Amino acid sequence: MKSLGVIPARLESSRLPGKVLLDICGKPMIQHVWEKAICSQLDDVIIATDSNEVVDVAKDFGANVFLTSSNHTSGTSRLVELSQSIKSDLYINIQGDEPLISPQLINDLIQARKLCSSRNIFTAANSACTEEEYLSPNVVKLITDVNMDAIYFSRSPIPYYRNENSKFSPLKHIGIYGYTFDGLQYYKSFGESLLETVESLEQLRFIENGQKIRVITTEYESIGVDTEDDLLRVRYLLDSK
């Protein structure tokens, strides 16, 4: 089974302009992500971008790059375009603003696909969800069935705790995805869905159209860089290693 890691890299960012190229301990952020990804069991890792500046920087540190069109609203959309030219059994969508991404998490997604050939979409969740995260609309929560297929993703606190003594641990979503080629084509053919628009969560497109999303659990804590404070935190964590 061939597995391909794809790092979508959009240069424009409303909250932190040019963030994928911002310096973190002497390297651009995107290089940290790429270096983590190539330490996994992926057969190859490609940076997908519409920015010539990102292309030049990525080639300088040795990455393979795929230049996409500029009319993409999500990383998954870039993967769909790439999949028309580069074939793989599994595409792992790795966020370009997570310089601390875990190679083991990537390996776990690859293994999940090997163990479950009936699913076309895979993602991850962490059960260490604090009360603050549970209540925050900026943290996506999810619930699954007994087979670990996602029932729903929401910015709202789910499930609702009618019984305050419940020992159920809420799951917070980790934004990494594995797609088969068919899974990516479903994303394109379904088009934007109602629930996807309401919650601003693209994974709901699959659920609303009857596609199963297999969820694996991980202890990895996602640290995405969206603000200057996030950037300072990641610089501190990497500098202290």
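Before moving on, here are some points about what is shown:
- Residues in the stretch 37-77 that are among the acidic types (Asp, Glu) and outside any strand (DSSP E or B): Asp43, Asp50, Glu53, Asp56, Asp60.
- Conditions (1) among the charged types (D, E, K, R); (2) in contact (Cβ under 8 Å) with a residue 60 or more places away in the chain; (3) outside the structural domain of Met1 (by TED's automatic domain parsing): number failed by Glu132: (2)
- Restricting Pro99, Pro103 to those that are more than 25 Å from Tyr186 (Cβ to Cβ), crowded, with 22+ Cβ neighbours inside 10 Å and not aliphatic (A, V, I, L, M) reduces the list to Pro99.
- Some residue of the stretch 220-234 being over 26 Å from Asp108 (Cβ atoms) and surrounded by 14 or more Cβ atoms within 10 Å (Cβ to Cβ): yes
- Matching entry among Val6, Val57, Val80 (being over 25 Å from Glu202 (Cβ atoms) and touching a Leu at 6+ places or on another chain (Cβ under 8 Å)): Val57
- Listed by first and then second residue, the pairs with beta-carbon distance under 6 Å, at least 6 apart or on different chains, first residue in the stretch 46-71 and under 15 Å from Met29 (Cβ atoms), second part of a helix (DSSP H, G or I) and among the small types (Gly, Ala, Ser), are Ile47/Ala58.
- For the stretch 136-181, residues that are loosely packed, with under 14 Cβ neighbours inside 10 Å and under 26 Å from Pro99 (Cα atoms) total 2.
- Hey, Gln95 assigned by TED's automatic domain parsing to the domain that holds Thr73 and without any contact (Cβ under 8 Å) to a residue 12 or more places away in the chain or not: no
- Residue count for the stretch 69-87, restricted to those that are over 18 Å from the mean Cα position of the chain (by Cα), of a type outside the set (A, V, I, L, M) and modelled with pLDDT of 95 or more: 3
- Criterion: modelled with pLDDT of 95 or more, under 23 Å from Val6 (Cα atoms), of a type outside the set (Lys, Arg) and in contact with an Asp or Glu (Cβ under 8 Å, 6 or more places away or on another chain) - qualifying residue of Ile223, Ile213: Ile213
- At least 1 residues being among the basic types (Lys, Arg) and at negative phi is the threshold, and among the strands (runs of 3 or more DSSP E) wholly inside the stretch 148-230 those reaching it are 171-179, 213-217.
- Matching entry among Ser166, Ser222, Ser136, Ser154 (being under 18 Å from the mean Cα position of the chain (by Cα) and farther than 29 Å from Ser88 by Cβ): Ser154
- For Leu109: the one exception among (1) assigned to a loop (DSSP other than H, G, I, E, B); (2) of a type outside the set (Phe, Trp, Tyr); (3) crowded, with 23+ Cβ neighbours inside 10 Å: (1)
- Filter result (assigned to a loop (DSSP other than H, G, I, E, B), more than 15 Å from Val20 (Cβ to Cβ) and not hydrophobic (A, V, I, L, M, F, W, C)) within the stretch 84-103: Gln84, Ser85, Lys87, Ser88, Asp89, Ser102
The values are calculated or read from the model by the stated rules, or taken from the named source; none is laboratory data. Everything numeric in this text was worked out from a predicted model, so none of it was measured. Neighbour counts are summed over all protein chains in view; Cβ atoms, including those assigned to glycine, are modelled from backbone coordinates with ideal geometry.
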